[in-house]
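Read the figures in this text as sums done on the coordinates, not as results from a lab. Please read these numbers as outputs of a predicted model, since none were measured by experiment. Heads up, the Cβs are rebuilt from the backbone with ideal geometry, glycines too, and the neighbour counts pull from every protein chain shown.
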Amino acid sequence: MMRFLAVTTFFLLSFQAQAEQTVVLISIDGFRHDYIELHGAPNIERIASQGVRSEGLIPVYPSKTFPNHLSIVTGQYPVNHGIVDNNFYDTERKQRYKMGDGVKDSTWLTTLPIWNLAEFQGVKAATFFWPESEARINGRTPSYYFNYSTPAPNQQRIDQMVQWLKLPEPVRPRLVTGYFSIVDTMGHRFGPDSHQVEKAVKHVDKLIGEFWQRIQNEVDVPVNLILVSDHGMVDIKADAMIDVSTFPIDESLFETVNAQTRFMIYANEETTQQQIDDLRSQLGAMADGRYFIETETSLTQLGVTDGPRTAAIILGTQAPASFTSRAVEQRRDGGAHGFHSSRDMDGLFIAAGPAIKHQANISRFSNIHIYPFMAELLGLKLMTPIDGDGEVLAPLISSQFTHKN
């Protein structure tokens, strides 16, 4: 009897691996790579034990929410997908972008996200939140999506994703994305080691555990679950904050954007190179180790090239310092991200499902490689050049996996 069950299980798994695969991509914003151990996330840990977990997921520069979420679903560096920070300035458009503006004007995005790639090739997609997933990019949206609303109950997100996966085959999405923000929110307010972050981690862990169990019990199609986060989190201190009002910037010559972990200075059309060089020299002279000025070489190494959304001067810093415009009495300790890549900035990557090997831990890697990995699982052909490399995660795919098409 036991031998019969083993053979039956083998053929069932083989059938699932050869059937059309479904991918569910869930982002837990701000979930640092070590939160499973630090704060206790047994359900997520159990899912990892059934598939693959990386030592860390390296964010693109800057390690901010919108650039990294777009890099995960496009396989491109921010300079190529268009969303170079949560907030930035475009010197050609003479406009400022702030988080979510692509929904009102999709020309901010210069890219092909995974849900578009799927829809263009006849695969339905559904998004229960993902930065800019409501935007009509290339004239298309996912077949199913929700306009972003922070108060949307987290349980509703799980219920809806399960419901999508149970739809009849002609209308069922094979790509589903979900998003949870609470871990990031608590990290900013209280810091990564706080009780509040621990509580948020346990809350999301319970939901993910429920979702995984319901996939096994209620869903009849082969589902591969990919858990990611966009970045990690690190402590910042009020007494280490750098007051940007002290910088000698002529507002008639420059536009500025304070991105907290970096300060961007854009030259106006009438600003001369000499004026840019003079300001750079002044800022360098007053740095006193509190911040540094990004060089062309350093930016190139970070995947940043010259363009209308790349500031003429970029100031960077390291935790526990950050840039602020707040009065001293309004400054608070907390958490932040957006710094150069480090272990504190590393996010989470876990993948499990019938098409994924049980391969335990793998080395940390850049999040730009997830896009071609998902495309391969879904049987999609890449339609545009990307920065990611499909060979990086190809070894994670089961040798039994074959595309139906």
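In terms of modelled amide H atoms, which long-range or inter-chain residues lie less than 5 Å from the amide H of residue 63?
338, 339
Starting at the first residue of the range 74-87, write each ³J(HN,Hα) from the Karplus equation 6.51 cos²θ - 1.76 cosθ + 1.60 with θ = phi - 60°, in whole Hz, x for Gly and Pro.
Karplus values, whole Hz, x for Gly and Pro: 10, x, 10, 5, x, 4, 9, 8, x, 9, 7, 6, 5, 9.
At 0.890 mPa s and 25 °C, plugging the Kirkwood radius over alpha-carbon pairs of the chain into Stokes-Einstein gives what diffusion coefficient in µm²/s?
111 µm²/s
For the range 27-130, which GluC sites (Glu not before Pro) are both in a DSSP coil and crowded by at most 12 other Cβ atoms within 10 Å? Kindly include the intermediate steps, with their values, before the conclusion.
Working: sites: 37, 45, 55, 92, 119; in loops: 55, 92.
Those satisfying the criteria are 92.
Report the GluC sites (Glu not before Pro) located in the range 184-284 that are in a DSSP loop and have at most 12 other Cβ atoms inside 10 Å of their Cβ, or state none.
251, 269, 270
With a/c under 1.5 counting as rounded, go ahead and sort the range 88-190 into rounded, prolate or oblate using the C-alpha gyration tensor (a ≥ b ≥ c being the square roots of the eigenvalues; past the cut-off, prolate if a/b is larger than b/c, else oblate).
Oblate is the answer for the range 88-190, as a/c is 1.5 or above yet b/c matches or exceeds a/b.
Along each principal axis of its Cα atoms, how long is the range 238-332 end to end? Whole angstroms, biggest number first, please.
Over the range 238-332, Cα extents along the principal axes are 37, 31, 23 Å.
Once you place label points 7 Å from the Cα toward the Cβ at residue 295 and residue 270, how far apart are they in nm?
3.4 nm
Can you give the % of DSSP beta bridges in the range 238-332 that are antiparallel, to the nearest 5?
Numbers: 11 of 14 bridges.
For the range 238-332, the DSSP antiparallel bridge percentage is about 80.
Could you list which residues have their amide H under 5 Å from that of residue 259, counting only those 5 or more apart in sequence or on another chain, with H placed in the peptide plane?
HN-HN under 5 Å from residue 259: 264.
Quote the FRET efficiency, to the nearest 0.05, computed for residue 120 versus residue 329 with a Förster distance R0 of 35 Å and r equal to the Cβ-Cβ distance.
0.10
Using the Karplus equation 6.51 cos²θ - 1.76 cosθ + 1.60 (θ = phi - 60°), what ³J(HN,Hα) coupling, rounded to whole Hz, does each residue of the range 164-181 give in order, writing x for Gly and Pro?
Using θ = phi - 60°, the values come out as 4, 5, 9, 5, x, 3, x, 10, 7, x, 9, 10, 10, 10, x, 8, 10, 9 Hz.
If you take every DSSP beta bridge whose two residues both sit in the chain, what share of them, in percent to the nearest 5, is antiparallel?
Roughly 50 percent of the beta bridges in the chain run antiparallel, per DSSP.
Relative contact order of the chain, please, whole-number percent, based on alpha carbon pairs below 8 angstrom and at least 6 residues apart.
Worked out over the chain, it gives 32 percent.
Summarise the long-distance tail of P(r) for the range 41-88 by giving the % of C-alpha pairs beyond 14 Å.
Value for the range 41-88: 55 percent of Cα pairs lie more than 14 Å apart.
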